[in-house]
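Chemist: Please read through the structure below; I'll follow up with questions.
Nothing in this text is a laboratory measurement; each read-out follows from the coordinates by a stated rule. Given the structure is predicted, the values throughout are model-derived calculations rather than measurements. Glycine also receives a Cβ, built like all others from the backbone with ideal geometry; neighbour counts cover every protein chain displayed.
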């Protein structure tokens, strides 16, 4: 299986020094950036629009269109989101660690396209090594005059600051990230009115792009939008990186073309299930995506559209594979626990609801489940994500709360019998449980 | 400036309303109440509690949105009562109750708790939450005034937002994250905010409670009456809550014109003195042994009438002086004014304690503005006392203007002020050097160029006063004169003491007569007829009265709620006059030296009107009867007048107010009905030609400075909490006075060889004191700042020049 | 003020990098952790003063992010990932082994070793994985985890180097680590080398706008 590579090509071909300035420049590096400095905002925005590049952070929105929405006021900022924290996702880590100059160059292009002179990369705190690599690249680029005052000998100034997070998944949400970068709690902002394109960092117009999205830019400049669009038959152009983890023989990051089937991804790319076990289910697009099961989805294509049609998403491109030995209640609990732990605590349904869901699942796992718990799970979930549909109708400020609903829905939809089995094996099986009177005391 | 109307349909009924508002507010105005916890009309919406979710029809179908963050727009279709909305709201309520303790019977909020009310109205009867609730230590004191119970908290962020966005003291914050999120203070730093009580009032549950009110009453047992706060001169609207004849709390009432519902803690908790055991309850007469003895009213009144009559007979009416009148009602002040002028016949009367401004500037400044002008100001010039210390709710309004409304703020002050963090320009200077600063600012020279340019952009609001007690009032007047002529300018000359403006409007100043008339002003025919003649020349002000006492020309002194010994910067020698009578609530430094003391009723014990710094007349009301035999000031003076053979004929406060409306030109047509019913925010009495016999136009007279030869000059200013009797008689706030200290610039401290906490001796010609050093980098070299009137603190008078020596 | 003049200067440099001083709060909190091993009240006050906000605001930010520790966590903090991919690959057993062999229950610390469970650390392809002073080990096993604890207890290393840890205690990785970092060693206590925690000159590695 030799798929065309874009963003991982250099690191695959030059495994020992793809991170260095020497190797980067020897393999065509910074040519695109140099060229972009001579181009206008309109030219660059149109080029990226035409390439069909979609944001790779999970939302899959046209990168060029996003740029075109940037409000005209200046100063404006470019913020690159390297806070990848969705369970199952580790692709940006590899891009930062192994090809950091690709990111620096992509940022120069994005900055020029948006007439930005101050840019930031926000890297999650758990990634000190990628941060060091990227910082090294930034220092080298400054030394060469590719960053700083008058870059590439022109009169264009561009500052680039590497900024570390400190352990908060929610900072992957772009407005939470901006709050964090401003030195605040990483609480998502209200949209409206705080759309980053108009009121972003320091309430100034701000572009927020993902690491993988940015990494594609030098290639689009060098090889053209038609080439990039031609890499895919799908509306989703270019390639995409997939992080595969769980019970597969070959976990890891893979840069893939669009349109493979799940069977190809799991059995060919990732080498199949460990120990020859049976595939039970997988999370198709990061921890917040509703699960897929082999009976229904194994031969469906791995595209944004197909996932959406089946009530899930490709999201951040992370798949987590579970074999037949998996306790699905345990897996669901672990996913819900993540969101409960990572809830920022701002809005009521997420703060209280995700924890409540986790408490119920833990109780079921610990042999204290009640018959009423399945309905209770669904109703609590419904109060976070109205109607339990996909995409969610959230009662919350941001999508984190409904993300905790996905595993609960998936569990009950596909593995209700396992939940019932846990409850049935409980010492006090079948009890209706107790309730606490509110009005009587109040 | 009205917004274009938009069409909005709520639950099938179409309305046309102005287009700039959030849905929750518009719906409420139209009669549809949407439940909420975090939203508050005076704070930016955060959409956190999610209680106000409603459905709107949008291009992508029906959406569930928080109505507090959703702006209305034309052709908006809103549903607030669908099954989806009800389920979402019930769901939020269930989430909020999941971890909320059911301790309503022992919770101070019980009976006035939004969470309790909404649970009764919308909530489920039972909770399905059977897991262990969150536990925290409860309650914890987060300041001297506020207790925090984190188990009750529903994390609406009203308190944290208030402290951050409104009062500018972000000392309570959300800590931790997710389900562990809690409100708290920094580990080592209490919620020491002058405005902390507002968070208690804002709290929609019983998480924040006020120590002075905890477990004192149930809401349904309280008698509540609206009134006007008289702690400072801003005229904040409050409600007074009493039970069993005792005032138990004040709450802020939202008045668009003044306080926006906020109060300082000094105001909110400043009711405690009313309930003090030290209140005077009977007249006191000093006996031959020099000690006070309780006396009957008739005995005491008779004695005072006799003594005053004798002084007038022996030395002429000008041998009697009156001080005070700024702490009572306008009716009390008018009675004092009339008593002094018509019964005694003396013009030596002053309601300011030599610490204020020219009375004509305060009462009758041409071009005087309103607090509300701050809402539209482009540039604000603040050259006055630190508003945070002396005018706390005005401070909040200026903060809002600079922070939320984008006004440029120029501050000129010798020291850091509470608004420095919002200042576009801040200029420090050495007291005594203000004239030079003013002339350079006027000319836009050097460092003042940009600020001067900003002042060319109107509307300009100038808040002008004395930055400290050692600064000449002439400087403030010169600043006012400069500011008046700025584009579209309104000027607010400010002094702190509660009803000073009302007292001046009633003529309690040597050069003013009731109704903003000067001596000899035309248009005072009614006054002349009622009083049987008018004074023809100005009397002594407080400073001249002090001199008169020292020189022996003043033989008798009448104090009306005044404590000049403590309040006058240079003090007052009350041992010298032959006879001193005081009308007061307490034995103060001054009244304790009187020969006769009459017990007076205080705030909330009497009714009347008061006038704030804008000239806004508002009502104060009676809620409790007051202690013992205490009486209204006017009634005591009325009795005295009768006994001196010149009855004033006052029957009630309301009757006096009718006389004021009749005789005082500016107050013509100001009736109680007007200020009570037609104008809940009070009635402004503007300085305009048709109403004011006097339109005072100040002139710039102070544009140079004579540099002091002294090594140090003194900056002395009041702090919110001090040694004032109303502060010290309140157990909650009395202890909050910062205490006396000598604040020095780091360079000066280094030169003197002192560090924080070392003792220095500060001395002026009037006094000296040994004070601990506090390093204060906001001071200019050669300035020592000593807070005025602190418990146990020294008194330096208004001398600029002082010496500072290391001990 | 407990910080050295050099550290204060470093802090001022960090503040100067940002358009608004408050943005420096998180970098300065890492610096403060480095000073004291965790965030002391003094450290937070220092940060507050440097960026011009209140200590309460600093604490509010600090306690939002789990990597900022407001209590001592020992010299070596082991953060064991227990999120879904690591859970599927046996992370709970590994965490249990770490707790047992160190005698430190998750969430607690003795003078030497702190143990905690962590949410996803982005090493799902190398599950189960943990961080030691925030440096990564992928492909951990119960046995290797016990060895790690013993190595820390017995060896009391003065620097923690991610590549060394991976060589000694790791196995399968999320991707080819390929290049070794020479200057990546960090000192004891959870904090970042990027702010100069090592003996080596790390100035060039400090996040920011280059030299």
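Chemist: Restricting the count to DSSP beta bridges whose residues both fall in the range C:76-169, what percent are antiparallel, rounded to a multiple of 5? Each step should come with its number before you reach the end.
Modeler: Working: 8 of 14 bridges.
Among the beta bridges of the range C:76-169, antiparallel pairing accounts for roughly 55 percent.
Chemist: Further question: Fewest first, what order do B:326, B:163 take by the number of other Cβ atoms within 10 Å?
Modeler: Values: B:326 30, B:163 24.
Ranked by crowding around the Cβ, least crowded first: B:163, B:326.
Chemist: In terms of the Cα gyration tensor, with a ≥ b ≥ c the square roots of its eigenvalues, is the range B:133-274 rounded because a/c is under 1.5, prolate because a/b exceeds b/c, or oblate? Walk me through the intermediate numbers first.
Modeler: Numbers: a/c = 2.07, a/b = 1.51, b/c = 1.37.
Verdict is prolate for the range B:133-274.
Chemist: Whole Å is fine, so just give me how far the alpha carbon centre of the range A:1-58 lies from that of the range B:111-161.
Modeler: 54
Chemist: Rounded, prolate or oblate, given the Cα gyration tensor of the range B:460-552, with a/c below 1.5 counting as rounded?
Modeler: Working: a/c = 2.39, a/b = 1.31, b/c = 1.82.
Oblate is the answer for the range B:460-552, as a/c is 1.5 or above yet b/c matches or exceeds a/b.
Chemist: For q = 0.22 Å⁻¹, what log10 I(q)/I(0) does the range B:1-130 give under the Debye formula with an equal point scatterer on each alpha carbon and no solvent?
Modeler: -1.33
Chemist: At q = 0.13, 0.16 Å⁻¹, what is the base-10 log of I(q)/I(0) for the range B:376-472 according to the Debye formula with one equal point scatterer per Cα and no solvent? Please give it to two decimals.
Modeler: For the range B:376-472 at q = 0.13, 0.16 Å⁻¹, log10 I(q)/I(0) is -0.40, -0.61.
Chemist: Continuing with this model, one more query. Can you give the FRET efficiency to the nearest 0.05 for residue C:171 and residue A:203, using r as the Cβ-Cβ distance and R₀ = 45 Å? Before the final figure, lay out each step's value.
Modeler: Numbers: r = 48 Å, r/R0 = 1.06.
With a Förster radius of 45 Å, E is 0.40.
Chemist: How compact and how long is the range B:712-806, expressed as Rg and Dmax of its alpha-carbon atoms in Å?
Modeler: 13.2, 41
Chemist: Return the equivalent ellipsoid semi-axes of the range B:506-594 as a descending list in whole Å, where each equals the square root of 5 times an eigenvalue of the C-alpha gyration tensor.
Modeler: Computed over the range B:506-594, the values are 28, 14, 12 Å.
Chemist: Residue separation times 0.36 nm, minus the C-alpha to C-alpha distance between residue B:403 and residue B:309: what's the value? Spell out each step's value before the answer.
Modeler: Details: separation 94, 0.36 × 94 = 33.84 nm, distance 5.80 nm.
Between residue B:403 and residue B:309, full extension yields an extra 28.0 nm.
Chemist: If you don't mind, there's one more thing I want to ask. Quick one: grab the alpha carbon gyration tensor of the range A:33-164, order the square roots of its eigenvalues as a ≥ b ≥ c, and give me rounded if a/c is under 1.5, else prolate or oblate depending on whether a/b is larger than b/c.
Modeler: Working: a/c = 1.88, a/b = 1.16, b/c = 1.62.
Oblate shape, in that a/c is at least 1.5 and b/c is the bigger or equal ratio.
Chemist: Hey, could you pull the Cα Rg and Dmax for chain C, both in Å?
Modeler: Both quantities, over Cα of chain C: 17.5, 49 Å.
Chemist: What whole number of Å gives the distance from the Cα centroid of the range A:254-326 to the Cα centroid of the range B:688-749?
Modeler: The two parts, judged by their Cα centres, are 74 Å apart.
Chemist: May I ask you to derive the relative contact order of chain C, considering only C-alpha pairs under 8 Å and at least 6 residues apart, and to give it as an integer percent? Display every interim value, and only then the final one.
Modeler: Details: 383 pairs, mean separation 37.4, N = 211.
With pairs under 8 Å counted, the relative contact order is 18 percent.
Chemist: Just to confirm the number: angle between the C-alpha axis of helix A:41-51 and the first principal axis of chain A, 0 to 90 degrees, nearest 10?
Modeler: 50
Chemist: Now for a separate question. In peptide B:183-190, what is the residue-averaged number of other protein chain Cβ atoms found within 10 Å of each Cβ?
Modeler: Other-chain Cβ atoms within 10 Å of each residue's Cβ, averaged: 5.
Chemist: Ok, one more. In square nanometres and to one decimal, what's the mean projected area of the convex hull around the Cα atoms of the range B:725-777? Could the numbers behind the result be given before it?
Modeler: Working: hull surface 19.7 nm².
Approximately 4.9 nm², given one-decimal rounding.
Chemist: Measure nothing fancy, just the Cα-based angle from helix B:653-663's long axis to the longest principal axis of chain B, in degrees from 0 to 90, nearest 10.
Modeler: Compared with the principal axis, the helix lies near 70 degrees.
Chemist: If you average 1/r across every pair of different Cα atoms in the protein assembly as shown and take the reciprocal, what Kirkwood value do you get, in Å? Mind showing how you got there, number by number?
Modeler: Values: mean 1/r = 0.0281 Å⁻¹.
It works out to 35.6 Å.
Chemist: Of the residues C:167, C:82, C:141, which exhibits the maximal mean-square fluctuation in a Gaussian network model of chain C defined by a 10 Å Cα contact cut-off?
Modeler: C:167
Chemist: Oh, and also: Over the range B:448-537, what is the percentage of antiparallel beta bridges among all DSSP beta bridges, to the nearest 5?
Modeler: 40
Chemist: Pairs of alpha-carbon atoms within less than 8 angstrom and 6+ residues apart define the contacts here; what relative contact order does the range B:133-274 have, in percent? Can you show the working numbers first?
Modeler: Numbers: 255 pairs, mean separation 26.8, N = 142.
Reported as a whole number, the value is 19 percent.
Chemist: Sorted from largest to smallest, which semi-axis lengths in Å does the alpha carbon gyration tensor of the range C:76-169 give for its equivalent ellipsoid, taking the root of 5 times each eigenvalue? Don't skip to the end; give the middle numbers.
Modeler: Details: eigenvalues 67, 42, 25 Å².
Three semi-axes, in Å: 18, 15, 11.
Chemist: Report the normalised scattering of the range B:275-378 as log10 I(q)/I(0) at q = 0.10, 0.14, 0.18, 0.19 Å⁻¹, calculated by the Debye formula with identical scatterers on the alpha carbons.
Modeler: Debye intensities relative to I(0), on a log10 scale: -0.48, -0.81, -1.12, -1.19.
Chemist: Please rank B:311, C:137, B:519, A:320, fewest neighbouring Cβ atoms within 10 Å first, as an exposure proxy. Show your work: numbers first, answer last.
Modeler: Details: B:311 22, C:137 27, B:519 18, A:320 32.
Sorted ascending by nearby Cβ count, the order is B:519, B:311, C:137, A:320.
Chemist: How tilted is helix A:128-144 with respect to the longest principal axis of chain A? Cα atoms for both, answer in degrees (0 to 90, nearest 10).
Modeler: 10
Chemist: Something else: For chain B, compute Rh as the Kirkwood radius over C-alpha pairs and then the Stokes-Einstein diffusion coefficient at 4 °C and 1.567 mPa s; write the answer in µm²/s, rounded to an integer. Show your work: numbers first, answer last.
Modeler: Values: Rh = 28.3 Å.
The estimated diffusion coefficient comes to 46 µm²/s.
Chemist: Using alpha carbons only, how many angstrom separate the centre of the range A:83-97 from the centre of the range C:17-92?
Modeler: Result: 21 Å between the Cα centres.
Chemist: Which translational diffusion coefficient, to the nearest whole µm²/s, is obtained for the range B:582-671 from the Stokes-Einstein equation, given a Kirkwood hydrodynamic radius over C-alpha pairs, 37 °C and 0.692 mPa s?
Modeler: Details: Rh = 14.7 Å.
For these conditions, the coefficient is 223 µm²/s.
Chemist: Take the eigenvalues of the Cα gyration tensor for the range B:100-142, scale each by 5, and report the square roots as semi-axes in whole Å, largest first.
Modeler: Working: eigenvalues 82, 59, 11 Å².
So the three semi-axes of the range B:100-142 are 20, 17, 7 Å.
Chemist: Where does the range A:239-323 land on the Kirkwood hydrodynamic radius, alpha-carbon pairs, in angstrom? Intermediate values should be presented prior to the final figure.
Modeler: Values: mean 1/r = 0.0816 Å⁻¹.
Evaluated over the range A:239-323, this radius sits at 12.3 Å.
Chemist: Per residue and in Å³, how big is the convex hull formed by the alpha-carbon atoms of the range C:5-70?
Modeler: Numbers: hull volume 4.7 nm³, N = 66.
Considering the Cα atoms of the range C:5-70, their hull volume per residue is 72 Å³.
Chemist: Who wins for biggest fluctuation among A:236, A:417, A:379 in a Gaussian network model of chain A, springs between alpha carbons below 10 Å?
Modeler: In this elastic network of chain A, the residue with the biggest mean-square fluctuation among A:236, A:417, A:379 is A:417.
Chemist: Now a separate question. Give me A:360, C:113 sorted ascending by neighbouring Cβ count inside 10 Å, so fewest comes first.
Modeler: Working: A:360 26, C:113 22.
Fewest-to-most ranking of A:360, C:113: C:113, A:360.
Chemist: Here's something else I'd like to know. Once the Cα atoms of the range A:45-106 are picked out, what are the Rg and Dmax in Å?
Modeler: Rg and Dmax of the range A:45-106, Cα atoms, are 13.4, 38 Å.
Chemist: Relative to a virtual label point 7 Å from the Cα of residue B:246 in the Cα→beta-carbon direction, which members of the range B:714-746 show backbone nitrogen distances below 18 Å?
Modeler: B:729-734
Chemist: Roughly what % of DSSP beta bridges within chain B run antiparallel, to the nearest 5? Intermediate values should be presented prior to the final figure.
Modeler: Details: 64 of 111 bridges.
Bridges in chain B are about 60 percent antiparallel.
Chemist: Something else now. Go ahead and run the numbers for FRET between residue A:22 and residue C:108, Cβ-Cβ distance against an R0 of 56 Å, rounding to 0.05.
Modeler: Numbers: r = 47 Å, r/R0 = 0.84.
Taking R0 as 56 Å, the efficiency between residue A:22 and residue C:108 is 0.75.
Chemist: While we're looking at this one, here's another question. Give me the Å³ per residue figure for the convex hull around the C-alpha atoms of the range A:328-424.
Modeler: Details: hull volume 7.3 nm³, N = 97.
So the per-residue hull volume is 75 Å³.
Chemist: To continue, here is another question. Given 10 °C and 1.306 mPa s, how large is the Stokes-Einstein diffusion coefficient of chain A in µm²/s, with Rh as the Kirkwood radius over Cα pairs? If you can, show how the numbers build up before the last one.
Modeler: Details: Rh = 22.8 Å.
Estimated diffusion coefficient is 70 µm²/s.
Chemist: List the extent of the Cα atoms of the range A:9-230 along each of their three principal axes, largest first, rounded to whole Å.
Modeler: Cα extents, longest axis first: 45, 37, 36 Å.
Chemist: Ignore the peptide's own chain and count Cβ atoms of other chains within 10 Å of each Cβ in A:92-99; give me the average, rounded. Can you show the working numbers first?
Modeler: Working: counts 1, 8, 6, 0, 0, 7, 5, 0.
The shielding value for this peptide is 3.
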